[in-house]
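Below is one structure, written out as structure tokens; comments come after it.
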Amino acid sequence: MTAFLEQLDLALERVDSEQELVEVCLTRVVERLPAEGMSIQRGRPNQESASADDPKDASGWHSRGRCPLVPKLADNMAEVLHAAHVPKPIVVNRMVSQSRSWPYPEVRQAIVRALRKGEQVWGYLSVFNHLEDAEFDRDAAWWVEAIAQAVEQHLERLESQRTAAELSISIAEVLLKSLQQKDNTSYEHSLRVGELSLLLARALGCSATDQQRIYLGATLHDIGKLAIDGLILRKPGDLSLSDLDRLREHPQLGHDLLKCFDSLANILPIALFHHEQPDGGGYPLGLELDQIPWPARLVSVADSYDALTRDRPYRQGCTHERALEILRGGAGQQWDREMVRALESVAEQARRLNLQPPTYLPQGLLGSAALHS
């Protein structure tokens, strides 16, 4: 029992959205309870909008096996049982289901537990009809309670993550507006690197949480340039050695700025290490491949691709094909081979993205954090 709950907690710890949480939970309920069907239904803001005849009418409905009730009736059963007002599972057996007043003849046995997020009822976990037509006993109710508690704990975790992500986005917007006012070229470069880094993260199969982190880290990777003299940033010719030394301070300056915000702590390595190289020839610390956090290695490739393909006052940008050739030639020395391969795998998408005006799209990253709005 202890081992099961530890494994469940580990499985739920890896999920990035309420929908994933529900799917993992139902899979584990199937493993433990001898029931014909089970469901988790999210409470809907407008109950009247659901059709009693359509078992797929609500995106908040998830089930396994044979559920005898459609979503609206399952919601109604939870209301009849006053599940929202009871802190533990409610067990329905024949004493209840065979009475004349029981309105759900398809349900012979059931266990219903309200799922709460904070003080609010978030939805219901329901188990329907014993496989052997026996009664659900105290042990079955205990399993439902243990699984429900685990779900509630991780609902709180996801809500905390979402709140932190919203705060991070608000801070990022303020910082990026400041960068735009100082140097629009750096601002647009940051947006393009954010978009391309997100494309690479998806190509690598990164989780929703990692996609959020990489996107925000990429859009803020050059935020240290806020502390660099604008004359250096906009200088039309070659930089002097002193100018170059000052410009190379921007990773450390960005890190020092971002560490003032607790919600941005997870993107600090991107800001600090995006100019490090696998062969140790980068800056500011001269780290080698395994010492460089992988999100920084990813952003480094996106950063370099955009820099190579853009015109600068002191040089003309190269073509998409030439940029890929340069990155491929420097893979293993200047850039991580895996990240270069990821870029090659989405080369056509990267080309199209490179031709479009840059956009800032963090709100879309939060959509995956909710089962439905």
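Computed from the coordinates by the stated procedures, all read-outs in this text should not be read as laboratory data. On a predicted model such as this, the values are computed, not experimentally measured, just so you know. Methodologically, a virtual Cβ is constructed for each residue, glycine included, from the backbone with ideal geometry; neighbour enumeration extends over all protein chains shown.
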Subject >> Dipole magnitude (debye, nearest 20) for the chain, charges at Cβ of Lys, Arg, Asp, Glu >> reply: 540 debye
Original post:
How big is the chain by the Kirkwood estimate over distinct Cα pairs, in Å?
Top reply: 23.7 Å
Original post:
Can you pull the Kirkwood radius for the range 2-157, inverse mean 1/r over Cα pairs, to one decimal in Å?
Top reply: 15.6 Å
Original post:
For Val80 and Ser242 in one chain, what is 0.36 nm times their gap in residues minus the Cα-Cα distance, to one decimal in nm?
Top reply: 50.8 nm
Original post:
Quick one: in the range 98-153, what % of C-alpha pairs are over 17 Å apart?
Top reply: 46 percent
Original post:
Which residue, chosen from Leu233, Leu324, His221, occupies the Cα position most advanced towards the positive end of the dipole of the range 183-369, where the dipole is computed from +1 (Lys, Arg) and -1 (Asp, Glu) charges on Cβ about the Cα centre?
Top reply: Leu324
**OP:** Take the range 183-369, compute every pairwise Cα distance, and split them into 5 Å bins from 0; I just need the percent in each bin.
**Re:** 1, 8, 16, 21, 23, 17, 9, 3, 0, 0
**OP:** Would you calculate the separation in nanometres between label points at Ser160 and Lys88, each defined as 7 Å from the Cα along the Cα-to-beta-carbon direction?
**Re:** 2.8 nm
Subject >> Dipole moment magnitude, nearest 20 debye, the range 183-369 about Cα centre, only Lys, Arg, Asp, Glu C-beta charged >> reply: 400 debye
Original post:
Rounded to the nearest 20 Debye, what is the dipole magnitude of the range 80-229 about its Cα centre when Lys and Arg each give +1 and Asp and Glu each give -1 at the C-beta?
Top reply: 220 debye
Original post:
By per-residue mean of other Cβ atoms within 10 Å, what is the highest-first order of 156-167, 98-109?
Top reply: 156-167, 98-109
Original post:
For Lys117, which lysines qualify as cross-link partners when the Cα separation must be under 29 Å and same-chain residues fewer than eight apart are set aside?
Top reply: Lys56, Lys72, Lys88
Subject >> Gained length - Glu321 relative to Met1, 0.36 nm times residue gap less alpha-carbon distance >> reply: 109.5 nm
**OP:** Putting +1 on Lys and Arg Cβ atoms and -1 on Asp and Glu Cβ atoms, find which of Leu155, Thr209, Leu131 reaches farthest to the positive end of the dipole of the range 121-258.
**Re:** Thr209
